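Reviewing the structure listed below.
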Amino acid sequence: MFLVTGATGNVGRPLVAELAAAGAKVRALTRDPAAARFPEGVEGARTGDPAATDGVEALFLNAAVVWDGGAGPLLRQARESGVRRVVALSSSSVTGTLDLPADNPISRHHHELEAEVEASGMEWTHLRADAFAVNTRGWAPQIREDGVVRDAYGWSRSVPVHEDDVAAVAARALLTGGLAGQAPVLTGPEALTKAEQVRLIGEALGRPVRFVEIPAAEARAGMTSGGVPGEVADTLLALAARCVDHAPEVSPDIERITGRPARTYARWARDHAADFR
């Protein structure tokens, strides 16, 4: 039995589908199992269920959705239930290659997650995902309104990763244990500017979409009014500024692990075109 936390999330849902397609027994943890519409044969369970780890061999841990108190309570319960393997969704920010202050909230959060997982005594794998392509879905309201994306640092580059590729790597780590003790960095296959990403969304939609650069202070105000904590907004803007002149590296790990190239951002935009219409 495999337990997937955040089972209706961007990575959790395709991971549940991958595991089910492989014939694995899957327990999918979510706030509302009845409304989740999981594949046939998948067992839904409610987040916080004290029996969720019973009979589980391996756990996919998404720290964004674990129970109150961080990952610790769930990890302790998993260990006591006999879970042998934990695959944690972490962040490439922990590698220190982004040239940001070491105590920034994104790196700090994922460092703490990795430390908790390693201290659990279970076999572990950390999936250090880079920028998720799905994060650009935040541009959708602007694109639907007038076909113009207004954001800071239009020439900032990232290597956006398709969530389905992260799920594919997670499935291999859970099913085989072949990535035990490893921390692959998961990126897309190419570095793209924000302006290039916007253009590719337009191509997927079959109509022009433009990028208009705005001051960082204006972008920050929009982020915080939308619920992003100020410290996180500052970190994301500092990273964007840094990546105007320093392109992040493309990692070969997705192709190494799955045996096929990572999906492109253009592919992601086609897969998600309906989100922008």
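Every number in this text was worked out from the coordinates using simple rules, so none of it is lab data. None of the values given here were measured: they were computed from a predicted structure. Please note: Cβ atoms are built from the backbone with ideal geometry, for glycine as well, and neighbour counts cover all protein chains shown.
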query: Going by alpha carbons, how many degrees (0 to 90, nearest 10) lie between the helix axis of 12-21 and the longest principal axis of the chain?
result: 50
query: Non-local amide H neighbours of Gly44 (under 5 Å, H modeled in plane, Pro and chain starts lacking H): which ones?
result: Ala28
- prompt: Which percent, to the nearest 5, of DSSP beta bridges fully inside the chain are antiparallel?
  reply: 5
task: For every other residue with a beta carbon closer than 15 angstrom to the beta carbon of Val169, add +1 if it is Lys or Arg and -1 if Asp or Glu, then tell me the sum.
output: -1
statement: Taking Lys and Arg as +1 and Asp and Glu as -1, residues besides Glu218 with C-beta under 12 Å from its C-beta add up to 0
statement: Which of Ser225, Ser120, Ser107 fluctuates most in a GNM of the chain (C-alpha springs under 10 Å)? That residue is Ser225
message: Helix 105-119 against the longest principal axis of the chain: what's the angle in degrees, Cα atoms only, rounded to the nearest 10?
response: 20
- request: Take the alpha carbon atoms of the range 85-163, find their center, do the same for the range 1-39, and report the distance between the two centers in whole angstrom.
  value: 21
query: Please state the relative contact order of the range 1-138 as a whole percent: Cα pairs under 8 Å, 6+ residues apart?
result: 21
query: Taking the highest mean first, how do the peptides 229-238, 189-198 order by number of other beta carbon atoms within 10 angstrom per residue?
result: 189-198, 229-238
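Once you keep just the Cα pairs under 8 angstrom separated by 6 or more residues, what percentage relative contact order results for the chain?
Relative contact order, the chain: 19 percent.
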query: Taking only DSSP H segments of four or more residues, each worth -39500 (n - 2.57), what value at 222 nm results for the chain once the sum is divided by all its residues, to the nearest 500 deg cm²/dmol?
result: -11500 deg cm²/dmol
message: With an 8 Å Cα cut-off and a minimum separation of 6 or more residues, compute the relative contact order for the range 181-266 in percent.
response: 51
message: How large is the translational diffusion coefficient of the range 158-277 in µm² per second when you combine the Kirkwood radius over alpha carbon pairs with Stokes-Einstein at 37 °C and 0.692 mPa s?
response: 201
- prompt: Which residue, Ala219, Ala168, Ala58, tops the fluctuation ranking in a GNM of the chain built on C-alpha contacts under 10 Å?
  reply: Ala219
query: Restricting attention to the range 1-47, which trypsin sites (Lys or Arg not before Pro) occupy a DSSP loop and are surrounded by at most 15 other Cβ atoms within 10 Å?
result: Lys25, Arg31, Arg37
- prompt: By how many degrees, 0 to 90 and rounded to 10, does the Cα axis of helix 194-205 deviate from the longest principal axis of the chain?
  reply: 80
